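Participant: Have a look at this one.
Rule-based calculations on the coordinates, nothing more; no lab input. Source: prediction; values computed, not measured. Cβ placement follows ideal geometry from the backbone for every residue including glycine, while neighbour counts extend to all protein chains displayed.
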């Protein structure tokens with residue numbers, strides 16, 4: 001493999017790792033309904049979900065493709 005191909009493999013591995021970490025963090029935080037009145041917690045969850053959606057968009061066919069498509073629309 002060339003250096004360019006190796007760099008692409010490292011990058012895709014990092015993106016998949018980030019996607020998994022974000023999915024785990026979102027599932028640990030819980031739904032927004034439980035955070036009524038807690039602005040900082042809701043904002044943190046929003047930012048995590050936004051990063052998750054943007055990271056998932058760079059993966060060719062993520063497992064949540066349909067869900068992400070409707071979230072963007």
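Participant: Please compute the modelled spin-label separation between residue 58 and residue 42, points set 7 Å along Cα→Cβ, answer in nm with one decimal.
Facilitator: 3.0
Participant: Next question, about the same structure. What FRET efficiency would be calculated for the residue pair residue 66, residue 25, taking the C-beta separation as r and a Förster radius of 25 Å, to the nearest 0.05?
Facilitator: My answer for the efficiency is 0.70.
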